[in-house]
Amino acid sequence: MVERVLVLGGGTAGLLTASALKKKIPQLGVTVLRSNDPGVIELGEGTRPDFRELVHRYLGIGLPEFYRGAAPTPMLGIRFLWGPRPSFNLTFGSNVLHQPDGLSRPLGFYCDEDMDDLCASSSLMSACRAFPQADDGSLVIVEDMAYHVDHRRLIPFLESYATRLGVELRDETIRQVERDEQGVAGLVAASGVTYEADLYVDSSGFRSLLLGQALDEPLVSYEATLFCDRAVIGSWERSRSEPIRPYTTAETMNAGWCWQFEHEHSLARGYVYASDFLTDEEAEQEFRAKAPRVEASRLVKFAPGRRRNAWVKNVVGVGSAVGFVEPLEATALMVISQDARLLTEILLDTRLNPGQAARVYSMKSAVSWDAIRDFLALHYRFNTRLDTPFWLACRADIDLCGAAELVSYYQEEGPNSWGANILPPTHTWLGFTADSSYTLLLGQRVPYRKTYQPSDDELRELASIRLENRALALNAFEPSRALQVFRDPRFAPAPTPGPGPAVGPDPSRSPGA
């Protein structure tokens, strides 16, 4: 029976897992051992809607409290400078599979030349707006959105929240891992203290100190699909003239790609690249040419892949202790959110006697990581923006793995809804739907055989849809204005027990404002 849980690692993985366990199972003794080692991308990162679901619904952290304490900025999707188009947007909601009244086919069949303004979220991204405005002037919070989070604000906020729940936080550096037939018998700290528990959560990041090193759980490599293995990262202070963009930018580079995360007072840039095609010095030079205002930079080395099993004996891994891929689709905190919730639900459902349920955790973790790999493959296999040696190799050699069948279907039939039946269910519940896959393929102008010529009436209807989405976006709240709304003491968003928008008042229209 699990009565004491020891969480190794005080980053987002450790703190979110500890908080979920203590929130839902208060009788558990939960201790987090944290150190001062820097995280993978400690400057910040993008998220997906799963993170909001965990924070606000599962943990019950209120929107005003989170905005005031953690200082996130809104993220509606990813803007790709990718493929032959100047750019295209991939939102977290419906993109090209929606079929509005007046059109005989899904939207994907009508965007060979123009992918702009097919949905409201994409129009909001293009207009640099984040939240629609209701008829009464109040702010509408859309469900299919996420956050950019700055770890310099998020980590202290999560530490404070976990402490209030009763989680014990200790600053320790582990010098030795003691083992027995149950797995881990204890963690010996530099202070001389030995920490023991019934269940150990490995959230130690790349080191995978317990799962990978102590228990020697092998790594399943993704190198046949994901060639990049390094990143150079940095940030700079935002000037007053720079708008907060409600999206992550993903830009094609000579031997990989460059991200830009939008925080309120800073911007974070990173260049993910393949060391087989570029030296570290060349990468640094190309990175600084793209981001000349970057201050100090840091090099991160990583091996894309996952552990064969995520739960081994009395050790369960969460986050990058289990697997890691580059942040091309903001999957790190998505996986952490799902891991924290799954572990908590398993302990609840089994009454703290997980037994064979550990196998379910490992199986679900494996298929989740593999689904992420499959989705990322679509980004590399079809990007024709540059003809550098790296991108030529990607187009020739990238293994599509589990995405191959959907691609084959699309290339023949086009972006129709039947393709959704080809994807494994894992891809869909992770958010890597046929809709998202089609958007990537259409954005990169991957051709399909059964094209469609719309009628004049349909073209007029499509123009009307685009105009409506643009009008909504131009009337919406800019991110900076929305942040002022969220931090106003009078802000009280409507509850959102299920899917659908939440509406909160605009303080500028409140009595006495």
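Mind listing whichever residues of region 391-449 are in a loop (DSSP other than H, G, I, E, B) and of a type in the set (Phe, Trp, Tyr)?
Once the filter is applied, which keeps residues that are in a loop (DSSP other than H, G, I, E, B) and of a type in the set (Phe, Trp, Tyr), region 391-449 yields Phe432, Tyr448.
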Residue identified as farther than 20 Å from Ser203 by Cβ, at pLDDT below 95 and touching a Leu at 6+ places or on another chain (Cβ under 6 Å) among Leu440, Leu378, Leu406, Leu423: Leu423
Tally up the residues in region 69-92 that are touching a residue at least 24 places away in the same chain (Cβ under 8 Å) and closer than 19 Å to Tyr438 by Cβ, please. 14
Being crowded, with 16+ Cβ neighbours inside 10 Å, among the charged types (D, E, K, R) and assigned to a helix (DSSP H, G or I), is that true of even one residue in region 377-390? yes
Of residues in region 193-210 being out of contact with any Phe, Trp or Tyr (no Cβ under 9 Å at 6 or more places or on another chain) and hydrophobic (A, V, I, L, M, F, W, C), the one surrounded by the most Cβ atoms within 10 Å (Cβ to Cβ): Val201
Of (1) of a type outside the set (Gly, Ala, Ser); (2) farther than 20 Å from Trp82 by Cβ; (3) in contact with a helix residue (DSSP H, G or I) (Cβ under 6 Å, 6 or more places away or on another chain), Pro425 fails just (3)
Quick one: is Leu63 touching a Leu at 6+ places or on another chain (Cβ under 8 Å) and touching a residue at least 24 places away in the same chain (Cβ under 8 Å)? no
May I ask you to list pairs of residues, at least six apart or on different chains, whose Cβ atoms are under 7 Å apart, with the first in region 198-215 being at pLDDT 95 or above and aromatic (Phe, Trp, Tyr) and the second being crowded, with 21+ Cβ neighbours inside 10 Å and in a strand (DSSP E or B)? Tyr200/Leu6; Tyr200/Leu8; Tyr200/Val184; Tyr200/Val315
Looking at Asp349, Asp370, Asp374, Asp387, which one is without any contact (Cβ under 8 Å) to a residue 40 or more places away in the chain, in contact with a helix residue (DSSP H, G or I) (Cβ under 8 Å, 6 or more places away or on another chain) and among the charged types (D, E, K, R)? Asp349
Any chance you could count how many residues in region 238-283 are over 27 Å from Ala120 (Cα atoms), under 16 Å from the mean Cα position of the chain (by Cα) and outside any strand (DSSP E or B)? 0
What's the total number of residues in region 468-494 that are part of a helix (DSSP H, G or I) and without any contact (Cβ under 8 Å) to a residue 40 or more places away in the chain? 4
Is region 284-302 home to any residue that is in a strand (DSSP E or B) and crowded, with 21+ Cβ neighbours inside 10 Å? no
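Of the residues that make up region 198-211, is at least one farther than 28 Å from Asp374 by Cα and of a type outside the set (A, V, I, L, M, F, W, C)?
Within region 198-211, one or more residues are farther than 28 Å from Asp374 by Cα and of a type outside the set (A, V, I, L, M, F, W, C).
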Could you please let me know if Pro132 is outside the structural domain of Glu159 (by TED's automatic domain parsing) and free of Cβ contacts under 8 Å to residues at least 12 places away in the same chain? no
Given the conditions (1) crowded, with 17+ Cβ neighbours inside 10 Å; (2) over 22 Å from the mean Cα position of the chain (by Cα), and given that Thr344 satisfies all but one, which numbered condition is not satisfied? (2)
Can Pro26 be described as modelled with pLDDT of 95 or more, assigned by TED's automatic domain parsing to the domain that holds Val188 and surrounded by fewer than 19 Cβ atoms within 10 Å (Cβ to Cβ)? yes
What about Pro354, is it under 30 Å from Met1 (Cβ atoms), in contact (Cβ under 8 Å) with a residue 60 or more places away in the chain and outside any helix (DSSP H, G or I)? yes
Yes/no for Leu76 being closer than 19 Å to Val315 by Cβ, at pLDDT 95 or above and buried (at least 18 other Cβ atoms within 10 Å of the Cβ): no
Assess whether Leu352 counts as being surrounded by fewer than 22 Cβ atoms within 10 Å (Cβ to Cβ), modelled with pLDDT of 95 or more and on the phi < 0 side of the Ramachandran plot. no
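The values are calculated or read from the model by the stated rules, or taken from the named source; none is laboratory data. What you are looking at is a predicted structure, and each value in this text was computed from that prediction instead of being measured. All Cβ positions, glycine included, derive from the backbone under ideal geometry; neighbour counts span all protein chains shown.
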